[in-house]
Amino acid sequence: MNHYRKIATIITIISIFLKSALFAEVRFEGLDLFPDSRLLYTVQVSNPGSIPHSGLFISDLEKNKTKLLTLFPEKIELLDEGRIVQVRNSFGAFRFPIKGGLPSSVMGFPTFPEGAPIQSGRIEAMSASYDGKWVLYVEPISAAYGNLVLIDVGTGKRIPIATRVERPGRQFPAVWSKDSQVLIYVKEGKLYYYALSSLQSVPVDEQFRLIGNGQIHSVYWGPQGDFFYINGRTIYKVRSSELFARSLYANFLEIGQVAGILPFTYEPAFDRFWIHPASKAILVSKAGQILFFFPLTTQGNQTSNTFEQSSIYPYLTLPVLCSDIRVLWSSSGVITLWGLRSDNGALAFSYRLDASQDTGPYSFVPIKLPAISEALLSPDGTKAVLWGEGGCYIYTYLDWKAVTTVSKNPTLSVQWITNDEVIVGDHQFIYKLKQPDNRTILNLSKADSYAFETATGLIVTKVNEVWFSTDGTSPWSLRTDKVSLRTPMLSSDRFRVYLEPQGGGLYTNIPMVRSLAALTTQPLILVDGTQYESISEVPGKDTSTSFSNVFNNGKRYGTRTLSITFDVMDSFEGLTTVLDILKQYNIRATFFVNGEFIRRYGDMARLLSTSGHEIASLFYAPIDLSDTRYRVDTHFIKRGLARNEDEYLNATGKELSSFWHAPYYIISPEIVSAASSAGYKTIGRDLDPFDWVGKSDMRRSYVPYLTASDIVDQIMQKKRPGSIIPIRIGANENTRTDYLFNRLDVLLDALLRAGYEIVPVSTLLEQAK
C-alpha cells in the first residue's frame, strides 16, 4: 500500500501540463501604435472558473480613454423588452443595441476599460433589472461579504440597499420582479424586499421589509407580478402590492396567501422549486435526488392545498451523479427537464411531464435530447433553442421535431428576441438569426489578427478568414474589398510603448507608455489591488497538535500551494455540487471516504472513483477512536483500514490511496504507529473550519456557530502556504442552516485572488520532501 510517493510524482508531472488552467493569468499582446496616439492591443485572460478568452482594445494615449472592440459572449442577456443586449465576461459588463454596435461599459459597474482591475476567479456577478435601467452589485468588503448596491445605469448613481450581504456564489443573492419595480434579497438567512418606489420617498427601514426566514432559493417570481415563497412546509403566493401593507402590520399579517402544504420540509440549502407559468402547479427537487410534482390551488379551503398523500402525485428518482437540473415549462403546462453528470458534463437524464390538463393522471416520461447543456423556450412557448459544446439547435416544443441547425460549433450563450429570432454568441461572433437562416453579425467575439489600415487608419481585424473594419466608434462592417495593412509600430513622434514583464501576480506583463515630450514613463493601466497577497518567506511555527509521522501541513515558504480536502462520512448532500465546482475550476482535490458512506451510497462512491480526484481512507465507520468502549490497538486500526479498502474495492473496483485520517481527526501516537504498520501515512490538518458545528453543538463543543460565509472569511485570515483545510460533506443533523461546501466557489475565488494554487494532499507531500 505504500505507493503515495509514486502517485504524488505523477500528479506533479500532470500539474505542469495543467498549469495554465490552474492559475489565473492576464497577458497583453500585439501592441500597435498609430501616429495619432491610438494604441491597439489584445488582452488574454486565463481564469479558473471562467472560459479563457481575449479582448481587442484601443486606447487613446492623449485622452487617456480605453474602449473594448471585441466582446467575448460568456453570458448574454436581453433587456428592455429585447432592445438592449448585455454581455458579461472577465472584462466586466457591456451593452449594445439589438441592431448592433460596438460595446459600451455599463455605467457605474466596474469594468476593465474604465480602470477596474481584472480579478482572478469567476466574472464579477451582477443582476440587471428586466427593463435595463438598474443593476444590483455586491461591492466586496471581505472574501465572503459585501454591501448590496443599486446602480442607476443612466447616471451611474449608486444607492445602498443592504450591508453585509453574502457575496455571490452559484446564485446572486437577489432576484428582480418581472416589472423591475421590486427586488428580493437575502441577508443572514432572512429574506427582505426593496421597492424602487421608495427611491422617491423616505425608505422603509429594513426591519419592516422582512419577508421571513430563507435563502434566495426559497422564492420564485411569477410572470404576473407575484412571487412564491416556501417556509418550512408552507407554500405562499404573494403579490408585491401586498408587501407594503405587511411592512406596517408585520406582527399581525401572514405573508401572502397559502397556496399549498408540502409533505416534507423544504430545505433551501439543498432543495429547489419551479412554478407553472400560470401558477397552477409546483415542481420540487428534494436534494437533487427526487422530483415531486404537485398541483396548486390558490382558491378554496386549506385541505385542498395539502399534499400529505404524496403517493397520488408523480415523483421521479434522479441519478445520483446529476449535478444540476434544468427545467423548461411552457404556458400550456408541458415540462421538459434534464440534468448533467457531475464528472463529465454529459447528459444524465431527460424527461417530460404533460400537465396541460388541470386534472391528472400525470407521469414523467423519458425522452431523448441531443447532447446539450442549456435550453430556452421561445416567448410563445412553441419552440425551444438548445445549445452547448455540441452546437445550437431549434426544435418545436410539443412534438420535439428539429426545425433549424443554427450551428455545429460550440455555442456559449443564446437568447430569444422574438418567436422567430435568436441572438447567438460563440467563440467567433455574436449574431442574430432570423429563421430559417437569415444571419446578421452584431459583434465580434475575438480578433484572430488585427492592424491599422494603411490608407484610412481604420481598425481592421480578421475573424474566421473574414475581414471587418471600424473607426472605433461605428459598428464593425464586413470588408469585401482588398485590405491594406499597416506595419505595426511601437513609437510615434509623441509616444513610445513596450511590454514590461511582471515578477509575479496576476499580470504577466504591463504595457508601458513613454511620453517623449514630458520625458515620463507610466504604465498603461494601474494594477494596484490586483497583485497576490504577500507571504512571509520565514517558516512559521505550527500550533496544531502534532505527532511523529503525521502530516499536518505542507511547505510554509517558497510556495503558494495548499489543499482543500473533503470528508465524506455518512451522507452525500453537497457531493455533486462540490464535484461540479471543482470541475469548473479544473481543480484536483483529495476526498477522504468512510466505509459507512461507501456501504450506503455505492453509486456515489463509484462516481467519486471515476471523478479523477484523489480518494483516501476515513476508516471503516465514523467512530470516535477515543471512546473507551473500543479497544483501539494495532489490530483494531489495521482491521478498520483493511475493511475500508475492501468496501471501496467491492463498490468501485479500485484501490484507495495509501493515506488516511482518523474520524474527527482524533489520533494518538499508538493510532499513528498502527496505521504506519498497515502502510498508511496519517494526514492531519492545520486549520479546522468548524463547519461541522451545528446550532445544537455550541453548548457542548465550546465552539461558536459560524455561518458558511463567516467560515470563508476565517479561513482566509488563518490559511497559510501548505495548509490543509478539511470540509465536511453532507447534511448536519445538529441544525446547520447553511453549509461551507455550498460556498466552495466563493472560497476558491478568494484563494485564487490571493495567489494560491489548490492541490491534492499528495502534491503537498511531494513538495515537502
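The values are calculated or read from the model by the stated rules, or taken from the named source; none is laboratory data. Predicted model only: the values in this text are computed from it and were never measured. So basically every Cβ, Gly included, is an ideal-geometry build from the backbone, and we count neighbours across all protein chains shown.
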- request: Give the range 15-48 a look and list any residue that's assigned to a helix (DSSP H, G or I) and either modelled with pLDDT of 90 or more or hydrophobic (A, V, I, L, M, F, W, C) (or both), or say none.
  value: Ile16, Phe17, Ala21, Leu22
field: Test: residue in the range 87-97 that is part of a strand (DSSP E or B), touching a Phe, Trp or Tyr at 6+ places or on another chain (Cβ under 7 Å), of a type outside the set (S, T, N, Q) and surrounded by fewer than 18 Cβ atoms within 10 Å (Cβ to Cβ)
entry: no
task: Please work out which residue is nearest to Asp580 (Cα to Cα), limiting yourself to the range 49-67 and to residues that are assigned to a loop (DSSP other than H, G, I, E, B) and out of contact with any helix residue (DSSP H, G or I) (no Cβ under 7 Å at 6 or more places or on another chain).
output: Ser50
- line: Going through the range 585-622 in order, the residues found to be free of Cβ contacts under 8 Å to residues at least 60 places away in the same chain and in a loop (DSSP other than H, G, I, E, B) are Leu618, Phe619, Tyr620, Ala621, Pro622
message: Is it the case, given these coordinates, that Leu196 is touching a residue at least 24 places away in the same chain (Cβ under 8 Å) and within 20 Å of Lys75 (Cβ to Cβ)?
response: no
task: Evaluate the range 404-422: report whether one residue or more is closer than 24 Å to Ser54 by Cα, acidic (Asp, Glu), part of a loop (DSSP other than H, G, I, E, B) and touching a residue at least 12 places away in the same chain (Cβ under 8 Å).
output: no
message: Where the second residue is part of a loop (DSSP other than H, G, I, E, B) and aliphatic (A, V, I, L, M) and the first is in contact (Cβ under 8 Å) with a residue 24 or more places away in the chain and closer than 15 Å to Val334 by Cα and lies in the range 361-373, which pairs have Cβ atoms under 7 Å and are six or more apart or on separate chains?
response: Tyr362/Ala355
- request: Kindly indicate whether any position in the range 153-168 is touching a Pro at 6+ places or on another chain (Cβ under 8 Å) and either surrounded by fewer than 22 Cβ atoms within 10 Å (Cβ to Cβ) or closer than 17 Å to Gly425 by Cβ (or both).
  value: no
query: If Tyr145 satisfies every condition in (1) under 17 Å from the mean Cα position of the chain (by Cα); (2) more than 30 Å from Thr440 (Cα to Cα); (3) crowded, with 23+ Cβ neighbours inside 10 Å but one, which is the exception?
result: (3)
message: Restricting to the range 596-616, give me the number of residues that are among the polar types (S, T, N, Q) and out of contact with any Asp or Glu (no Cβ under 7 Å at 6 or more places or on another chain).
response: 1
- prompt: Out of curiosity, is Ala447 outside any strand (DSSP E or B), modelled with pLDDT of 95 or more and out of contact with any helix residue (DSSP H, G or I) (no Cβ under 7 Å at 6 or more places or on another chain)?
  reply: yes
field: Condition broken by Thr265, with the remaining ones in (1) among the polar types (S, T, N, Q); (2) at pLDDT 75 or above; (3) surrounded by 16 or more Cβ atoms within 10 Å (Cβ to Cβ) satisfied
entry: (3)
- prompt: From the list Thr652, Thr682, Thr735, which residue is touching a helix residue (DSSP H, G or I) at 6+ places or on another chain (Cβ under 6 Å), more than 24 Å from Ile581 (Cα to Cα), polar (S, T, N, Q) and modelled with pLDDT of 95 or more?
  reply: Thr682
task: Go over the candidates Gly722, Gly730 one by one and state the one that is touching a residue at least 60 places away in the same chain (Cβ under 8 Å), small (Gly, Ala, Ser), surrounded by 20 or more Cβ atoms within 10 Å (Cβ to Cβ) and under 22 Å from Ser617 (Cα atoms).
output: Gly722
- prompt: Any idea which of Ser363, Ser378, Ser350 is surrounded by fewer than 18 Cβ atoms within 10 Å (Cβ to Cβ), touching an Asp or Glu at 6+ places or on another chain (Cβ under 9 Å), modelled with pLDDT of 90 or more and hydroxyl-bearing (Ser, Thr, Tyr)?
  reply: Ser363
query: When only residues in the range 482-504 that are of a type in the set (Ser, Thr, Tyr) and in a strand (DSSP E or B) count, which is nearest to Ser469 (Cα to Cα)?
result: Ser491
query: Right, Ser563: modelled with pLDDT of 90 or more and surrounded by 23 or more Cβ atoms within 10 Å (Cβ to Cβ) or not?
result: yes
- prompt: Looking only at residues in the range 657-714 that are of a type outside the set (Ser, Thr, Tyr) and part of a strand (DSSP E or B), which one is farthest from the chain's Cα centre (by Cα)?
  reply: Lys681
query: Filter the range 483-499 for residues that are over 15 Å from Phe34 (Cβ atoms) and modelled with pLDDT of 95 or more; which is surrounded by the fewest Cβ atoms within 10 Å (Cβ to Cβ)?
result: Tyr498
